[in-house]
Amino acid sequence: MTIQVGDTIPSMKLMAATANGPKEVSTDDLFKGKKVVMFATPGAFTPTCSAKHLPGFVEHVDAIRGKGVDTIICMAVNDPFVMGAWAKDQGVGDKIVMLADGSGTFTRALGLELDLGPRGLGTRSQRFALIAEDGKVTHLAIEQPGGFDVSRAEAVLAAL
């Protein structure tokens, strides 16, 4: 079942890519007591994700934070080393938490998995963005397959 507005972000441990290498983080620490924007991409280094999705959030990070957002998270079903390399390639620095859901466990818990096996990518995340306050989802925007409209940084800014 897909997570909905009003639902609580599932509690689990994941890996974040940091300047010092992979670091275990808990969703409780990332979301509790904070206003968080999280967006997910089907994969690091994929065309739309690298050309538009992540760069849009990097470009608008100050405007998003100006709306009271404590943390911005980019999540993908990739390992933390790939997420780290992608962050470096995109000039993310410490502006955005690069969250690696290597086995897709978090994505499945959210009910937002996408079967891209026929395209050689395996099970990935749907493209989406959400806003959560103190661990509760207050806004959820899921793209139609192949779409890039409701989860882009400008749409999230408008929702804030």
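Any read-out appearing in this document is the output of simple, stated calculations on the displayed coordinates, not a laboratory observation. Just so you know, these numbers come straight off a predicted model, no measurement behind them. Cβ sites come from the backbone with ideal geometry, for glycine too, and all protein chains shown count toward neighbours.
Side notes on the structure shown:
- Overall form of the stretch 75-117 per C-alpha gyration tensor (a/c, 1.5; a/b vs b/c): prolate
- Estimated [θ] at 222 nm from DSSP helical runs (n ≥ 4, -39500 (n - 2.57)) normalised by residues in the chain, nearest 500: -6000 deg cm²/dmol
- Compared with the direct C-alpha span, the chain from Leu160 to Asp62 gains 34.0 nm at full extension, assuming 0.36 nm per residue.
- For the stretch 1-56, a crude dipole built from +1 on the beta carbon of Lys and Arg and -1 on the beta carbon of Asp and Glu, taken about the Cα centre, is about 140 debye to the nearest 20.
- Within the shell defined by Cβ-Cβ distances under 14 Å, the residues around Thr138 carry a net charge of 0, with Lys and Arg each +1 and Asp and Glu each -1.
- Overall form of the chain per C-alpha gyration tensor (a/c, 1.5; a/b vs b/c): rounded
- Hits among lysines - C-alpha to C-alpha of Lys34 under 23 Å, sequence gap 8 or more where chains match: Lys13, Lys23, Lys67, Lys95, Lys136
- Global form of the stretch 34-74, assessed from the alpha-carbon gyration tensor, a/c cut-off 1.5: oblate
- Each other residue within a Cβ distance under 13 Å of Lys13 adds +1 if Lys or Arg and -1 if Asp or Glu, for a net charge of -3.
- Sorting 80-88, 14-22 by their mean Cβ neighbour count within 10 Å, with the most densely packed peptide first, gives 80-88, 14-22.
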